[in-house]
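For reference, the structure is listed below as structure tokens.
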Amino acid sequence: MAVRVPRRQLFIDGEWREPALKKRIPVINPATEETIGDIPAATAQDVEIAVEAARKALARDKAKDWSSAPGAVRAKYLRAIASKIKERKSELAKLEAMDSGKPLDETTSDIGEVASCFEYYAGLAEELDAKQKTPVSLSTEKFKTHVLKEPVGVVGLITAWNYPLLMAAWKVAPALAAGCAAVLKPSELASITCLELAEVCINVGLPPGVLNIVTGLGNEAGAILTSHPNVDKIAFTGSTITGSKIMAAGAPMIKPVALELGGKSPIVVFEDVDIDKAVEWTCFGIFLTNGQICSATSRLIVHESIAAEFMDRLVKWSKNIKISDPMEQGCRLGPVVSKGQYEKILKFISTAKSEGAKVVYGGDRPEHLKKGFFIEPTIITDVTPSMQIWRDEVFGPVLCVKTFSSEEEALELANDTHYGLGAAVMSKDLERCERFSKGLQAGIVWINSSQPSFIQAPWGGNKRSGFGRELGEWGLELYLSVKQVTEYVSDQPWGWFEAPPLEDDSEMSYY
Ligand code: TXE
């Protein structure tokens, strides 16, 4: 069932390239704690060459560079990438499950989404030619203005480990569709499938330098990319702390950034729900991807009148969740990605207990699994709004619970967070859901569900969850800049030399 991890190098200027310092990072399977391979570790010199290669791809041949090629040409490559990924779907899904610990069912679905994402942006690349020049209607006839949409240039894409290839696709596909050249720096904790994307690019003959993939450590490869003066924009998915470092690193150059950061999303359950359905969405919303989703609905806010029954069923269903090696049939909860994350999550749980919260289910390693970074589905009650478990992102299978008695109280609790990524509301009263959605301070609201995302719809957060929207047309806009082009079309002189005499108080209007 398991597959061999290919030994790859950095992907720069269309070729495999050994890292300058020949350093490599071991790849640990989080389910077995075994080393299953290694990835190259890029340092400053490698990132430098990768950025240069990307820059060259935009100026290789002025008439035919990547950014000025018709959208249809770029679309052809994006579709070819999608089709290769589909061919290799099962192998890539297995590699990703072994690398990240995500259940194989999930990685299989994610890799399918990766292919769809490349196809979707191929479509938008084709439409882009027609939309590249848009006239603007002005309040004067002396001028004509149009707007040009142009690729931003060389973009640095830095991604996380919870959706290794999918998060990369959310950035690479629109960046390439827009005509940018990119340097991708995946997370050192799960890079294998991103290196396979390099192999796919070689297979489809993507022009050299259009996409470069430099694996390596965040504070080395990532930091160099972020502060590089020849990188025009950074798009980042990761923690809020690193997001703020990235903003600071780019600040001296006024480098634009798009940030998709952490979250502490609420799921608010009103008294009129179908309890079993709501329990299923609650479990899905927190235990999917082993609890490691930026938008995970990790704070359950349930109406006090149904809380007891809801909690009984929640615990009953949590007991039924299959925790196993991600490659096993029917696995619903695998290990978290690394020893570091495992220890961090257990520390969150012990701090919550020491602050007076109560673990009503889980809270530890499952008894039947002696190896691997497994943590039981964990449910915590008796939480106060000042507790760390209520405020900070755990990024693990840990749900904390509070009750409410009125809609106002529920909204206050839901918005009581520095984050603003996702939020879910569950009620049969759709008017109430709509009203409540408007009050929620979040970039994404789910009604009677939690977590679904769609390639066509915008994704991103507010407050400390970042800014900028990925996916859909918004995802393409991140990689386009807007240029105003204005032409003076009147036969008459502009008239600035004909200033009215000083004593004349009539107003002069140029426009
Ligand atoms: O994140 P980092 P980590 C949150 C989650 C998790 C915590 C830590 O709470 O527990 O972050 O995870 C690169 N300059 N999320 O340590 O450090 C790094 O190499 C440039 C939420 O993995 O943010 C990796 O490629 N790059 C999140 C990427 O940043 C740097 C998903 C993310 O790493 C860098 C993952 C630097 N100075 C974690 N330092 C979400 N929004 O979904 C690191 N990196």
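Please treat every number below as a calculation from the coordinates, not as lab data. Predicted model only: the values in this text are computed from it and were never measured. When we count neighbours, we look across all protein chains shown, and the Cβ atoms used for this are built from the backbone with ideal geometry, even at glycine.
Of all beta bridges DSSP finds with both residues in the chain, what is the antiparallel percent, to the nearest 5? Intermediate results must be reported in sequence, preceding the final value.
On the way: 30 of 67 bridges.
Beta bridges within the chain, antiparallel portion: roughly 45 percent.
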Exercise. Measuring from centroid to centroid over Cα atoms, what is the spacing of region 10-85 and region 133-195 in Å?
Worked result: 16 Å
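Could you tell me whether region 269-396 comes out rounded, prolate or oblate from its Cα gyration tensor? Rule is a ≥ b ≥ c as square roots of the eigenvalues, rounded for a/c under 1.5, then prolate if a/b exceeds b/c, otherwise oblate.
On the way: a/c = 1.85, a/b = 1.23, b/c = 1.50.
The shape class here is oblate.
Per residue of the chain, what 222 nm ellipticity follows from adding -39500 (n - 2.57) for every DSSP H run with n ≥ 4, rounded to the nearest 500? It would help to have the intermediate numbers written out before the result.
Working: 15 runs with 186 residues, N = 511.
Value at 222 nm, helices only, nearest 500: -11500 deg cm²/dmol.
Taking 29 Å as the cut-off for C-alpha to C-alpha distance, list the pairs among Lys171/Lys358; Lys23/Lys344; Lys86/Lys245 that go past it. Write down the numbers at each step before the final one.
Values: Lys171/Lys358 40 Å; Lys23/Lys344 27 Å; Lys86/Lys245 36 Å.
Table pairs above 29 Å Cα-Cα are Lys171/Lys358; Lys86/Lys245.
What ranking, highest mean first, results for peptides 413-420, 165-172 when packing means the other Cβ atoms within 10 Å averaged over each residue?
Values: 413-420: 20.1, 165-172: 27.2.
The densest-packed peptide leads the list: 165-172, 413-420.
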Seminar exercise, completed: Among beta bridges assigned by DSSP with both residues in region 115-190, the antiparallel ones amount in percent, to the nearest 5, to 45 percent
Exercise. For region 356-419 and region 229-297, what is the separation of their Cα centres, given in Å?
Worked result: 16 Å
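Sorted by packing (mean other beta-carbon atoms within 10 Å per residue), highest first, where do 301-309, 34-42 land? The partial results should precede the final answer.
Numbers: 301-309: 17.7, 34-42: 20.1.
In decreasing order of mean packing, 301-309, 34-42 become 34-42, 301-309.
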Exercise. If you count the DSSP beta bridges with both ends in region 266-447, what percent of them are antiparallel, to the nearest 5?
Worked result: 15 percent
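Using a cut-off of 15 Å between beta-carbons, work out the net charge of the residues near Val27 (Lys and Arg +1, Asp and Glu -1, Val27 not included).
Working: positive: Arg4, Arg7, Arg8, Lys23, Arg24, Lys94, Lys102, Lys339; negative: Glu33, Glu34, Asp38, Glu96, Asp99, Glu188, Glu196.
Net of charged neighbours comes to +1.
Give the peptides 254-260, 152-158 in descending order of average Cβ contacts within 10 Å, highest first.
Values: 254-260: 19.1, 152-158: 25.3.
In descending order of packing, they fall as 152-158, 254-260.
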